[in-house]
Amino acid sequence: MRNIIAENTEQMFILVITDKRIRILIAAETLINQSGLEAVSIHRVAKQAKVATGTIYLYFKDKDELMAELHDRNLRLFAEAFLSGVENAQSLQERHRRLWLNALHYHQENVNVQRLWVHLETLPKNAHHKALIQELFEPVKLFFRSGVEQGCFKPLPSEMLYALAFGQILEICRFSYLREVEFTKQDMDAALLASWDAITVHP
């Protein structure tokens with residue numbers, strides 16, 4: 001019964017969206033979460049989006065182009081949320097705190113994004129995709145570089161510092177949502193501190 005209600009709610013939400021391009025992307029996202037990437041076809045996306053199959057080809061050349069844009073869209077949405085309220089004038093620790101909380105809130109509010117990312121990460125990477133990642137997350141790389149130069153962060157590549165600082169957030173949210181584990185505020189505060197300790201140099 002819960003699955004039927006969820007599916008009906010998703011279908012009603014899709015119908016409210018007037019921008020057909022966005023409607024198609026969200027329909028594809030819904031299908032990936034339900035059945036996996038391999039089960040997605042242009043026909044099924046059209047049915048989910050409540051548009052004619054030919055309408056999809058007005059916006060996307062084929063399934064590969066649709067999936068590539070869906071991946072780009074999710075990267076942009078996450079980057080926007082992740083970097084919200086982060087300013088260079090803030091201390092390194094305040095910026096880290098803001099980034100950590102932003103990532104946590106994003107994954108808590110978008111519970112299906114983990115499953116979606118697992119599928120999207122299997123897509124072939126191209127020059128455009130790599131350039132987009134560089135562009136969107138350049139402020140994060142500069143944040144880590146600044147911390148290393150100041151002697152505050154461990155002298156590690158920014159990608160490794162990112163994994164140490166924020167990689168555990170996905171697991172925290174996975175346990176919370178999929179296994180219904182309840183974490184207290186004290187637990188989350190301790191996890192935030194552990195994230196900071198993982199990347200900083202200790203005398």
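The values are calculated or read from the model by the stated rules, or taken from the named source; none is laboratory data. Note that the structure is predicted; figures quoted are calculated from it, not measured. Cβ atoms come from the backbone with ideal geometry, glycine included; neighbour counts cover every protein chain shown. Ligands, DNA and RNA are excluded from the accessible area calculation, which covers all protein heavy atoms including side chains. Shrake-Rupley method; radii C 1.70, N 1.55, O 1.52, S 1.80 Å.
To keep it simple, each residue is scored yes or no on (1) open to solvent by less than 40 Å² (accessible area, probe 1.4 Å); (2) more than 20 Å from residue 110 (Cβ to Cβ); (3) out of contact with any strand residue (DSSP E or B) (no Cβ under 9 Å at 6 or more places or on another chain); (4) in a loop (DSSP other than H, G, I, E, B).
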| position | (1), (2), (3), (4) |
| --- | --- |
| 22 | no, no, yes, no |
| 26 | yes, no, yes, no |
| 34 | no, no, yes, no |
| 47 | no, yes, yes, no |
| 51 | yes, yes, yes, yes |
| 54 | no, yes, yes, no |
| 65 | no, yes, yes, no |
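Look at region 52-73: where a residue is touching a residue at least 12 places away in the same chain (Cβ under 8 Å) and within 20 Å of residue 113 (Cα to Cα) and a partner is of a type in the set (Phe, Trp, Tyr) and surrounded by 17 or more Cβ atoms within 10 Å (Cβ to Cβ), sitting 6+ places away or on another chain with Cβ atoms under 6 Å, you get 66/60. Residues that are under 19 Å from the mean Cα position of the chain (by Cα), within 19 Å of residue 80 (Cβ to Cβ) and basic (Lys, Arg) do occur in region 141-157.
From the list 123, 132, 136, the one residue that fits, being within 23 Å of residue 71 (Cβ to Cβ), in contact with a Lys or Arg (Cβ under 9 Å, 6 or more places away or on another chain) and at pLDDT below 95, is 132.
The residue pairs whose first member lies in region 109-120 and is farther than 16 Å from residue 172 by Cβ, whose second member is open to solvent by 50 Å² or more (accessible area, probe 1.4 Å) and at pLDDT 80 or above, and whose beta carbons are closer than 9 Å, counting only pairs six or more residues apart or on different chains, are 116/110; 119/38.
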